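Each reported figure results from applying straightforward, stated rules to the coordinates on display, with no laboratory input. Because the structure is predicted, anything quoted here is derived from the model rather than measured.
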Amino acid sequence: MSAIRLLVLGAVRQHGRAHGYQVRNDLEYWGAHQWSTAKPGSIYHALKQMAKQGLLHAHEIAPSTAGGPPRTEYEITERGSEEYFRLVREALTSYDQKMDMKSAAIGFIVDLPRAEAVALLKERIRRIEEWRGAVTRHYVPEQGPEQLGHIGEIMNLWINTADAEAEWTQGLISRVEGGAYTFSGEGEPFVGVLADDEANPYATGERHPEDAR
């Protein structure tokens, strides 16, 4: 599963309506161009594809009085919202997701009710433990990686990674249960998007043909 789909849907949803450059600017502001495939070309491609799929609605905006081509603004549809929350929930519970997908889901976790977020994270720990159990049927951590030759280092890496993720997830659960952050239905959400006139300190400066629209 590609994180770009979740990232773009989430960015459009936070704005209400957004054009491609706004979405790109937000993803760069979040650093997503460093830890995911959210590059300019893939962002604009995702916007167009999801509009064709009915996940986004494309609004053609009249060109400015200064001239230039019309700009397309995107708005998430009901189907798009359903897909967005499906992706967030799946990424929060599935241990075998890539890091970019997990990172995107954590970035959007506060769009869920607090109780649901906790339940999903607890399910994540259950799945980590289940996955770990499948590995330890063949590898005994207490005996060290040498038991399987240097190949044992692979399973040693898997086990240590799973343990670290479980520990981190449990810490997040504790913080959320303790009242950290503002979740859906609790008040004004954290503002994670740039205003139209706000400079992006993390902009790459790389131009894309649609940036001029």
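Amide H to amide H, with H built 1.01 Å from N, Ser184 comes under 5 Å of Leu112, Arg114, counting only residues 5 or more places away or on other chains. Each residue of region 93-104 was assigned a 3J(HN,Hα) from its phi angle through the Karplus expression (A = 6.51, B = -1.76, C = 1.60, θ = phi - 60°), giving 9, 8, 6, 7, 6, 5, 4, 5, 5, 5, 5, 4 Hz with x at Gly and Pro. Contact order for region 11-102, expressed relative to its length and based on alpha carbon pairs under 8 Å spaced 6+ residues apart, stands at 29 percent. In percent, rounded to a whole number, the relative contact order of region 116-168 is 34, using alpha-carbon pairs under 8 Å and six or more apart.
Which log10 I(q)/I(0) values, to two decimals, does region 113-183 give at q = 0.12, 0.16 Å⁻¹ under the Debye formula with one point per Cα? Scattering profile of region 113-183, log10 relative to I(0): -0.41, -0.61.
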